[in-house]
Structures are given as structure tokens and as C-alpha cells.
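S.K.: Dropping a structure here in C-alpha cells format, bear with me for questions.
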Amino acid sequence: QVQLVESGGGLVQAGGSLRLSCAVSGRTFSRYAMGWFRQAPGKEREFVANMRWRDGIIYYADSVKGRLTISRDNAKNTLYLQMNSLKTEDTAVYYCAATSRGPATTMTRDYDYWGQGTQVTVSS
């Protein structure tokens with residue numbers, strides 16, 4: 001079992017920044033790749049980025065490269081998503097998820113565990 005708890009969402013103006021956190025726990029989470037997804041109103045959940053915990057290999061969706069950065073703090077067992085130059089189209093519920101597959105895993109069906117999500121709203 002892997003437990004994931006997101007935090008850090010909120011309301012921000014376009015061009016601003018936010019950092020999301022995902023507290024990770026469980027006996028074997030180091031075997032997993034941890035990812036971020038987002039779901040905007042009326043749209044399907046989409047992959048943002050992920051990182052294989054044990055070696056830090058990262059994979060990004062093309063749409064977020066250069067603006068969003070995934071990272072982790074091993075000492076705190078926490079995954080982060082730093083979001084810069086935010087746009088109104090970044091408005092969504094952001095989810096942390098864990099997969100036993102590799103870091104290039106982008107399909108929601110291939111993720112085994114999910115957090116409850118945190119709302120990010122970007123105003124114009």
C-alpha cells in the first residue's frame with residue numbers, strides 16, 4: 001500500500017507560481033514512480049510529469065516542459081510540483097499518483113494509487 005496526500009493548491013494570478021506537495025508513505029513506495037496528473041472541468045484527467053523514486057528519472061508531458069518541474073525530498077518523503085508562469089488553462093484539480101511501471105507511464109489506468117487531489121485556480 002502507498003498513501004498519497006496532496007497540498008499546496010490555491011488561487012493565483014496568471015504569471016504567478018505555486019508549489020504543490022505530495023506526502024508519500026507506505027512500506028514499498030521507493031519501488032514506484034510517482035506522478036502528477038490534472039483534471040480540468042469537463043475534461044479527462046491528463047498526465048503532467050512523473051519521477052521514478054529510486055533513481056530520480058523524470059518524464060514530462062510536452063505541454064508543461066519548461067514551466068512545471070517535478071522534484072522530491074527523500075528525507076521528507078515528499079514529491080513536489082513547482083509551477084511557474086501559470087496560465088488560466090492550468091486551472092485544474094491536481095492529483096499525485098503512484099505506479100509500479102516505469103517513469104514514462106502516462107496513462108491513468110496504469111497508476112495503482114491516487115491522492116485526493118488539490119485545486120489550482122489561475123485567474124486572468
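S.K.: Dividing the Cα convex hull volume of the chain by residue count, how many Å³ per residue is that?
M.R.: Numbers: hull volume 11.2 nm³, N = 124.
Dividing the Cα hull volume of the chain by its residues yields 91 Å³.
S.K.: Further question on the same structure: Evaluate the relative contact order of the stretch 24-124 (contact order divided by residue number), counting alpha-carbon pairs under 8 angstrom at least 6 apart; express in whole percent. Each step should come with its number before you reach the end.
M.R.: Numbers: 196 pairs, mean separation 30.6, N = 101.
Normalised by residue count, the contact order of the stretch 24-124 is 30 percent.
S.K.: Would you compute the Debye intensity of the stretch 49-100 from its alpha-carbon atoms alone, equal scatterers and no solvent, and pass along log10 I(q)/I(0) at q = 0.13, 0.26, 0.28, 0.29 Å⁻¹ to two decimals?
M.R.: -0.34, -1.20, -1.32, -1.37
S.K.: While we're looking at this one, here's another question. If you roll a 1.4 angstrom probe over the protein chains with everything in place, what fraction of the accessible area of the stretch 26-105 belongs to carbon and sulfur, to the nearest %?
M.R.: The C+S portion of the solvent-accessible surface of the stretch 26-105 is 43 percent.
S.K.: Follow-up question, since we're still on this one. Considering the chain as a Gaussian network with a 10 Å cut-off on Cα pairs, which listed residue, 49, 33, 75, attains the greatest mean-square fluctuation?
M.R.: Among 49, 33, 75, the largest mean-square fluctuation in the Gaussian network model of the chain belongs to 75.
S.K.: Then there's this: Given a 1.4 angstrom probe, what's the average accessible area per residue across the chain, in square angstrom? Kindly include the intermediate steps, with their values, before the conclusion.
M.R.: Numbers: 6350 Å² over 124 residues.
Per residue, the chain has an accessible area of 51 Å².
S.K.: Report the charge-dipole magnitude of the chain in Debye, nearest 20, computed about the Cα centre from +1 at each Lys and Arg Cβ and -1 at each Asp and Glu Cβ.
M.R.: On the way: 15 positive and 10 negative charges, 54 e Å.
With only Lys, Arg, Asp and Glu charged at Cβ, the dipole is about 260 debye.
S.K.: Another question about this same structure. Quick one: grab Rg to one decimal and Dmax as a whole number for the stretch 1-51, Cα atoms only, in Å.
M.R.: 13.3, 39
S.K.: Of the residues 11, 81, 68, which exhibits the maximal mean-square fluctuation in a Gaussian network model of the chain defined by a 10 Å Cα contact cut-off?
M.R.: 11
The values are calculated or read from the model by the stated rules, or taken from the named source; none is laboratory data. Predicted model only: the values in this text are computed from it and were never measured. Note that we place each Cβ from the backbone using ideal geometry, even for glycine, and neighbour counts take in every protein chain shown. We work out accessible area using only protein heavy atoms, side chains counted, and drop any ligands, DNA or RNA first. Shrake-Rupley method; radii C 1.70, N 1.55, O 1.52, S 1.80 Å.
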